[in-house]
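> Provided herewith is a single structure, encoded as structure tokens, for subsequent inquiry.
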Amino acid sequence: MKRFMCLVLGMSLLVGCSSQTPNTGQAVTEQPPVETTKLEDAAEEGSVTVVDQLGREVTIEGDVERIVSSYYIASSMLIALDAKDKVVGLEMKADTREIYKQAAPEFLELPAVGSGKTFNVEEALALKPDLIILPYRLESFIPQIEALDIPVIAVEPESMENFLECIELVGSAIGHEAEADKLLNYFNGVTEKVSGLTKDLEVRPSVYLAGSSNPLVTCTGLMYQNDLIELAGGENVTKDLTDPYWQTISNEELLGWNPEYMYAVSYADYDLAAISEESNYQEIQAVKEGRVKYFPSSLEPWDYPTPSAALGVLWLLNDLHPDLYSKEAYVEDAKDFYQTFYGIEVSKEALGL
């Protein structure tokens, strides 16, 4: 079911043609959408078979009208794919998601059926779902759900390539292929434009991205965040770390890397003072030059592999290379994105300005 797309910047990054690209003051030529394929069950009209991100073939009979999503990334994706009215249950702590409050307030009233660590099969069953979407970490719950004859797909969007595959998978599973194509084309347009702007850079500034629990927890080279930094024209100082998730480092390692830019995720449990005012960090170039910031936004984390992650790429491109991509173009592109895919108007403050 994978598309054939071009590689960008030598990374495992899918890039295609776009009918919507960021506004950089240059004319954009519309090109045809990328082609899609999926496995179909010819023996049963009205059914579709997809391959989820655990490599499982899953057949879904009939139209999907009731969806249970136990993963924030998938739930946000369902809004962007114009399927929020089909969601009947979702992950815990929905009331903490600003994007739900603005783009899908009905989500706040839905029953919580799980999280990234657990899933309530009995409660989900009571919602009579046509499809359940789980994060791949909850693989152990799949046999119990399958025994109840409920289709379930697992998603694993932890790299740029996997994230784009996830959009296609969810779109095919719920019968919203056209909406998935539209979102993929937007992403491909962003990556194509950004890679074109940064391809001739002779120097790429060094970047350090701190995770949520403390400044010494960081992304590794196997994570989506690494692809984001590299695409935006930066060099991730932790790219050689090989854990698949956030990794704890030492003070000595951070000082040795001496990054030119330091960012803390918007959902950090600490204040930026933990970086900018820490005595051990005063000789780090980013601290000395006042280049310590939160990675936006207040709507939803843009370092996450969610539909709005394209805006994280654009924001970082402007922050690292304002001569290549202006703040005005970024604001216009971000506002257009949220209007197009989420149907909401957003402020400059929400965009990290």
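The values are calculated or read from the model by the stated rules, or taken from the named source; none is laboratory data. Computed from a prediction, not measured in an experiment: that's the story for all the values here. FYI the Cβ positions are ideal-geometry reconstructions off the backbone, even for glycines, and counts take in every protein chain you see. Heavy atoms of the whole protein, side chains included, go into the accessibility calculation; ligands, DNA and RNA do not. Shrake-Rupley method; radii C 1.70, N 1.55, O 1.52, S 1.80 Å.
> Tell me which residues, restricted to the range 122-144, are part of a helix (DSSP H, G or I) and under 26 Å from the mean Cα position of the chain (by Cα).
The answer is 124, 136, 137, 138, 139, 140, 141, 142.
> Scan the range 180-203 and give yes if some residue there is under 17 Å from residue 260 (Cβ atoms), open to solvent by less than 10 Å² (accessible area, probe 1.4 Å) and not small (Gly, Ala, Ser), otherwise no. Show your work before the answer.
Residues of the range 180-203 that are under 17 Å from residue 260 (Cβ atoms), as a first pass: 198, 201-203.
Filter once more, so that each one left must be open to solvent by less than 10 Å² (accessible area, probe 1.4 Å): 198.
Okay, now just the ones that are also not small (Gly, Ala, Ser), so 198.
Yes, the conditions are met somewhere in the range 180-203.
> Filter the range 115-129 down to the residues that are open to solvent by less than 20 Å² (accessible area, probe 1.4 Å) and among the aliphatic types (A, V, I, L, M), then identify the one that is farthest from residue 141 (Cα to Cα).
Selected residue: 124.
> Scan the range 93-114 residue by residue and report those that are under 20 Å from residue 307 (Cα atoms), buried (at least 17 other Cβ atoms within 10 Å of the Cβ) and not charged (D, E, K, R).
Across the range 93-114, the qualifying residues are 94, 99, 100, 102, 103, 104, 107.
Yes or no, residue by residue, for (1) at pLDDT 95 or above; (2) closer than 23 Å to residue 329 by Cα; (3) assigned to a helix (DSSP H, G or I):
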site	(1), (2), (3)
179	yes, no, yes
197	yes, yes, yes
204	yes, yes, no
213	no, no, no
238	yes, no, no
267	no, no, no
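> Here's another thing I want to ask about it. Among the residues of the range 208-245, which ones are more than 19 Å from the chain's Cα centre (by Cα) and of a type in the set (A, V, I, L, M, F, W, C)?
Passing the criteria: 216, 217, 237, 241.
> Restricting attention to the range 138-151, does a residue exist that is touching a Lys or Arg at 6+ places or on another chain (Cβ under 8 Å), among the charged types (D, E, K, R) and surrounded by fewer than 19 Cβ atoms within 10 Å (Cβ to Cβ)?
No, the range 138-151 has no match at all.
> It is to be established whether one or more residues within the range 55-64 are at pLDDT below 95, surrounded by fewer than 20 Cβ atoms within 10 Å (Cβ to Cβ), within 21 Å of the chain's Cα centre (by Cα) and assigned to a loop (DSSP other than H, G, I, E, B).
So far as the range 55-64 goes, no, none of its residues is at pLDDT below 95, surrounded by fewer than 20 Cβ atoms within 10 Å (Cβ to Cβ), within 21 Å of the chain's Cα centre (by Cα) and assigned to a loop (DSSP other than H, G, I, E, B).
> For the range 71-93, which positions are in a helix (DSSP H, G or I) and over 17 Å from the mean Cα position of the chain (by Cα)?
Within the range 71-93, 84, 85, 86 meet the criteria.
> Name the residues in the range 338-353 that are in contact with a Ser or Thr (Cβ under 7 Å, 6 or more places away or on another chain) and among the hydrophobic types (A, V, I, L, M, F, W, C), would you?
350, 351
> Which of the helices (runs of 4 or more DSSP H) found entirely inside the range 275-353 contain at least 2 residues meeting this: open to solvent by 50 Å² or more (accessible area, probe 1.4 Å), modelled with pLDDT of 95 or more and farther than 18 Å from residue 227 by Cβ?
285-288, 327-341
> Within the range 314-334, track down each residue that is touching a Leu at 6+ places or on another chain (Cβ under 8 Å), within 15 Å of residue 261 (Cα to Cα) and touching a residue at least 60 places away in the same chain (Cβ under 8 Å).
316, 317, 321
> Now a separate question. Test of understanding: among 286, 273, which residue is closer than 23 Å to residue 258 by Cα and free of Cβ contacts under 8 Å to residues at least 12 places away in the same chain?
Details: 286 fails: free of Cβ contacts under 8 Å to residues at least 12 places away in the same chain.
Criteria check complete, one pass: 273.
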